[in-house]
1. What's the magnitude of the charge dipole for the chain around its Cα centre, counting Lys and Arg as +1 and Asp and Glu as -1 at the beta-carbon? Answer in Debye, nearest 20.
2. For the charge dipole of the chain, defined by +1 on Lys and Arg C-beta atoms and -1 on Asp and Glu C-beta atoms about the Cα centroid, which residue among 29, 77, 93 has the Cα displaced farthest towards the positive pole?
3. Would you compute the Debye intensity of region 55-127 from its alpha-carbon atoms alone, equal scatterers and no solvent, and pass along log10 I(q)/I(0) at q = 0.14, 0.26, 0.28 Å⁻¹ to two decimals?
4. Go through the chain and flag any cysteine with no other cysteine's C-beta closer than 4.7 Å, please.
5. Hand me the tally of lysine pairs in the chain: alpha carbons under 25 angstrom apart, and the pair either on different chains or 8 or more positions apart.
6. Ignoring ligands, DNA and RNA, please state the percent of accessible area on region 1-102 from carbon and sulfur, probe 1.4 Å.
7. How would region 28-69 be classified by its alpha-carbon gyration tensor: rounded, prolate or oblate, with rounded meaning a/c under 1.5 and the a/b versus b/c comparison settling the rest?
8. Quick one: 3J(HN,Hα) in Hz for region 74-82, Karplus 6.51/-1.76/1.60 with θ = phi - 60°, rounded, Gly and Pro as x.
Amino acid sequence: MGKLTLDALRKLRDENKQTLSLRDSDNKSIQMVVGMGTCGIAAGAKDTFGMIVDLVAEKGLSSVLVRQTGCMGLCHSEPTVEVTVPGMPSVIYGNVNPTVAREIIEKHVLGHHLLDDHICDKPAIDIVK
């Protein structure tokens, strides 16, 4: 690859600005964290992460922060995604493929309903309002 011109660099920056803004924590009230340890990546976490990033951008969800982390200790349930939405319990979903990621965005993030079939970890029912 040859040298990049200033115009080419500006174009590249503009093309990636939306993706980079997903990782900016300013003014974000919803957080989605994808487990990207070795076990998660082997189970397909890169595809899950990609789908989440694409959906957040596609739906214009500017209040959603998308991050990645190492192993969450739930290797048997990889890929895992922790979701924190104000007014709802923080939960970790397991076995999150791109199809389940779409469900999480549509039902949990937008619809404020938990996906009980995919929850690996959540607070005890007696502490949830």
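The values are calculated or read from the model by the stated rules, or taken from the named source; none is laboratory data. Here the structure is a predicted model, which is why all the values come from computation and not from measurement. Don't worry about glycine lacking a Cβ; one is built from the backbone with ideal geometry, like all the others, and counts go over all protein chains shown. Each accessible area value is taken on the protein alone, full model and side chains, heavy atoms only, with ligands, DNA and RNA left out. Shrake-Rupley method; radii C 1.70, N 1.55, O 1.52, S 1.80 Å.
1. 480
2. 29
3. Each listed q maps to, in turn, -0.43, -1.43, -1.56.
4. 71, 120
5. 17
6. In region 1-102, the share of accessible area belonging to carbon and sulfur is 51 percent.
7. The shape class here is oblate.
8. Result, rounded to whole Hz: 10, 4, 5, 10, 5, x, 10, 9, 8.
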